[in-house]
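Working notes, beginning with the structure itself.
The values are calculated or read from the model by the stated rules, or taken from the named source; none is laboratory data. Just so it is clear, the model here is predicted, and its values are computed rather than measured. So basically every Cβ, Gly included, is an ideal-geometry build from the backbone, and we count neighbours across all protein chains shown.
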Protein chains: 2
Amino acid sequence: MADESGGHPGRTVGAVISPRRERTRGRLLDAAFDVFARHGVQAASIEAVCEAAGFTRGAFYSNFASKEELFLALTERQIRAQLTALEVATSDVQPAEVGTRDGIREAVRGIIASVLPDPAAAQSWSVMALEFELLALRDPQIAARYAEQQVRLRDELVGVLERLVGSIGLRFAVDPRTAVDLLLGAFETGQRTALLAGADDDRASVLIEALVDLLVTPA
Amino acid sequence: MADESGGHPGRTVGAVISPRRERTRGRLLDAAFDVFARHGVQAASIEAVCEAAGFTRGAFYSNFASKEELFLALTERQIRAQLTALEVATSDVQPAEVGTRDGIREAVRGIIASVLPDPAAAQSWSVMALEFELLALRDPQIAARYAEQQVRLRDELVGVLERLVGSIGLRFAVDPRTAVDLLLGAFETGQRTALLAGADDDRASVLIEALVDLLVTPA
DNA sequence: TGTATCCGATACAGCAATGTATCGTAGGCG
DNA sequence: CGCCTACGATACATTGCTGTATCGGATACA
């Protein structure tokens, strides 16, 4: 608590983070993603994460103060990846291709989907998102962090989607922020439903398409 | 695994469950709800649950074989309560009172809200729902159980809402099942957002009202 | 009131994970 | 090429939880 220098628990006092250290942290984060997804953040032992990463706990405690801190570093990396993916997906869409109503549906779904990257990893990803929400529901400090990330992401999405829809002379039937919340909610719900039902009937796409039809109207 | 008689781990072989036993189980379930909500299912020790219930672990192992079984009993109790609450909420609504568009919004929101009972316990409830989803995402057996409960609840909701909307000469703009999925998704998302943002700005209501306006159209 | 049985308490052995203190070495710098 | 520091490995003490085996008191029934 008396350490205000940025949060490294290790003995590093100087400013720079060595490349070696960076690699170690990366491997620990990768391993943590797998292990947390498989066993749950709380159930996963630090030991298990280290083993999966090919280290011993010595490495861990040299890089992170606690499992919680490791998890937060992980979410930080995730949100960065999401925002980057969003940018890429946005730049991929050519307004010219979005003329039809089908085009709009497809484009919006693509944009939304871009923030939930690889479908193969959808399961792990959903799990991590849920774990994050759970921790946040219990710990106000984590809640603040979670809220901040959500706001960043949603603001970004509001901008992107409004621009996209507007560029072809349409608009949202409701407050854009509400529209985004509805879309994201529908997507997450649909995805989880599909995952839990076992069947990959892509409930998410169904919901998104229905919603887009309802939400997007002539200006 | 060789026990097909219903699942009591204790020494009870006879058919009847004594009142005493029933009370003990009830207190254990109440305590489990609190402790699980506060610390998480995985992080919570059996010991902690017993202490909260005013028992020792002897009582626990006499009633449940494992923490997982306790949790499943808890969800079973919850779903029953939800379905009951839903019936009550439905019978409370008089079609005559739903004539206006505001009336519809209010009625639908009420119905939806009835399956997420006490707002004071909303936090704990959300936590438990998330925990359940997480366990289901990892364990196919639990997933099946989860899916079954969800289907029960949603089918019920589809029936109720379709009847409600139809009774005043309106209809859903999309497949009713899709409508229900969207509504529930919006509700959960909104509620969690509000909980995590700290502010009780009742985002859920905003989303629900917007959705109802979009979903409910003249027949 | 006496008795049999059910059920929760107690005691115990064992384990897995944690955090720290210390050590050895790899890698960057002169 | 050799030193020195950063960094990860190792060893150790501690802790809290688990599950079982056994015991004693409460409860129901005659």
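Of all the listed residues (B:Thr56, B:Thr84), the sole one being outside the structural domain of B:Arg138 (by TED's automatic domain parsing), of a type in the set (Ser, Thr, Tyr) and without any contact (Cβ under 8 Å) to a residue 60 or more places away in the chain is B:Thr56. Among the residues of the stretch A:52-65, the ones that are surrounded by fewer than 19 Cβ atoms within 10 Å (Cβ to Cβ) and assigned to a helix (DSSP H, G or I) come to 6 in all. Candidates are the residues of the stretch A:36-65 that are more than 14 Å from chain B (Cβ to nearest Cβ) and among the aromatic types (Phe, Trp, Tyr); the one that is nearest to DNA strand D (Cβ to nearest atom) is A:Phe55.
Taking the residues in the stretch B:192-214 that are more than 7 Å from chain A (Cβ to nearest Cβ) and over 22 Å from B:Leu130 (Cβ atoms) as candidates, determine which candidate is surrounded by the fewest Cβ atoms within 10 Å (Cβ to Cβ). Applying the filter and picking the extreme gives B:Asp213. A:Glu68 meets the stated requirement of being within 16 Å of DNA strand C (Cβ to nearest atom), within 14 Å of chain B (Cβ to nearest Cβ) and part of a helix (DSSP H, G or I).
In summary, A:Thr189 fulfils each of the numbered conditions (1) out of contact with any Lys or Arg (no Cβ under 6 Å at 6 or more places or on another chain); (2) touching a residue at least 12 places away in the same chain (Cβ under 8 Å); (3) within 11 Å of chain B (Cβ to nearest Cβ); (4) over 15 Å from B:Gly190 (Cα atoms) with the single exception of condition (4). The lone criterion from (1) assigned by TED's automatic domain parsing to the domain that holds A:Gln149; (2) within 16 Å of DNA strand C (Cβ to nearest atom) left unmet by A:Asp92 is number (2).
What residue, of B:Ala73, B:Ala32, is within 16 Å of DNA strand C (Cβ to nearest atom), in contact (Cβ under 8 Å) with a residue 40 or more places away in the chain and assigned by TED's automatic domain parsing to the domain that holds B:Glu133? Reasoning before the result, please.
On the way: B:Ala32 fails: assigned by TED's automatic domain parsing to the domain that holds B:Glu133.
After applying the criteria, what remains is B:Ala73.
Checked against the criterion of being away from DNA strand C (no atom under 16 Å from the Cβ) and surrounded by 19 or more Cβ atoms within 10 Å (Cβ to Cβ), the stretch A:38-50 has no qualifying residue. Scanning for something more than 8 Å from chain A (Cβ to nearest Cβ) and more than 14 Å from B:Ile104 (Cα to Cα), does the stretch B:162-175 turn up at least one residue? Within the stretch B:162-175, none of the residues are more than 8 Å from chain A (Cβ to nearest Cβ) and more than 14 Å from B:Ile104 (Cα to Cα). Out of everything in the stretch A:58-99 that is out of contact with any helix residue (DSSP H, G or I) (no Cβ under 9 Å at 6 or more places or on another chain) and polar (S, T, N, Q), what residue ends up being modelled with the lowest pLDDT? Ranking the qualifying residues of the stretch A:58-99, first place goes to A:Gln94.
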